[in-house]
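Please treat every number below as a calculation from the coordinates, not as lab data. Values in this document were obtained by computation on a predicted structure and should not be read as measured data. When we count neighbours, we look across all protein chains shown, and the Cβ atoms used for this are built from the backbone with ideal geometry, even at glycine.
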Amino acid sequence: MIPIHNEEHSILPLYDRLTAVLERLQRPYEILFVDDASGDRSFELLANLVETDGRLKVIRLRRNFGQTAALSAGFHEAKGDVVVAMDGDLQHAPRTFRPCWRKIDEGYDIASGWRQHRVDNALSRRLPSRIANWLMAKASGVDLRDFGTTFKAYRAEVLKDVNLYGELHRFIPALASFYGARIAEVPIRSTRRASGGFTLRHRPHLPGDVRHPHHQVHAEVLHPPHAFLRLARSGRHHPGRGIMGYLAIKKLLGYEIVAAHGPLMFAGGLLLLAGLMMFTTGLIGEMMMRTYFESQDRRIYAVREILTRKQHGVPGGAK
């Protein structure tokens, strides 16, 4: 199952690689693409492929809901016993399917990809990602080295217990572990991404944080608490933290800050307090929104159309 957004240059190579690997596995399968309202020729290319391949299904969303919503749509539509999710930008090698399936056959519920040798920029990508993964592992109690990658294999029954909102797709192993899921980590090969895609920035964040600017607009319309979370981190929280950090350094160097910088210290404290209030408001609102969606059995996406060639299903296969 592959969520895509503006991936016209990657679709055909990815489809060729997928079919070559899946045919060699000698298992029933179906390939499911979720088009998150691409603005390029992605859907047109997929529609042409559907006409030639009965094991291909395409879900087209009504607008750009974001990667988590696209994955949620794919999970709901998947009919196989095993669901494998991956990015559509050629970062992931389809041949990694085999070790992931091997872990599922061994009895694990989730086989999570681990980009052991990343090719991203060390300072802007790998270091923030390592810090974020460490924080998420400590917070969730799930010992994974790579929460960020989409490449994961799931038993379909595990996904039924997981409800996705915001950017929670990165926390699926942590959410599933709450219900007793067994999780294994599988090294995967990662290559430089092609153009297009969801272009998400890897950094520590709350599950409610939607990072692509286009996704932020849609997310805040659908989930107003996201606006409070963003304001807490950008508009007020960071200036207050900077001011208080500056004054703390001056204090350590022996300067008198109360008399000389009293107004500045007061302003920094107010900014920190305002940031904390925004953060708390957004967090409470996020919890209320999730309670609403779950109690009403609402989904976080809307499907425009589903394309499939009229053929028999594959109930025992994988997506």
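If you plug the beta carbon distance of GLU256 and ARG182 into 1/(1 + (r/R0)^6) with R0 = 35 Å, you get a FRET efficiency near 0.05.
Taking each residue as 0.36 nm, the span from ALA47 to LEU270 lengthens on full extension beyond its C-alpha to C-alpha distance by 74.8 nm. Principal semi-axes of the equivalent ellipsoid, √(5λ) from the alpha carbon gyration tensor of the stretch 1-141, are 26, 20, 15 Å from largest down. Extension gain, MET277 to LEU127: 0.36 nm times the residue separation minus the Cα-Cα distance gives 51.0 nm.
Close amide-amide hydrogen proximity is noted between ARG115 and ILE188, each under 5 Å apart and 5 or more residues distant or on a separate chain (H modeled in the peptide plane; Pro and chain starts excluded). Within the shell defined by Cβ-Cβ distances under 14 Å, the residues around ARG98 carry a net charge of +4, with Lys and Arg each +1 and Asp and Glu each -1.
Distant-in-sequence amide contacts of VAL84, defined by a placed amide H-H separation under 5 Å and a gap of 5 or more residues or a different chain, comprise TYR154, LYS319. The 3J(HN,Hα) values that the Karplus relation (6.51, -1.76, 1.60; θ = phi - 60°) gives for the stretch 32-37 are, in residue order, 10, 9, 10, 8, 8, 6 Hz. Gly and Pro appear as x.
Summarising the label geometry, the points placed 7 Å from Cα in the beta-carbon direction at GLN26 and GLN116 lie 2.6 nm from one another.
Over all other residues within a Cβ to Cβ distance under 13 Å of ALA37, the charged ones net out to -1, with Lys and Arg as +1 and Asp and Glu as -1. Compactness ratio for the stretch 45-123: Cα radius of gyration over 2.2 N^0.38 Å (N = residue count) comes to 1.31. With the simple model of a label 7 Å out from the Cα in the direction of the Cβ, ALA302 to ALA137 spans 4.2 nm.
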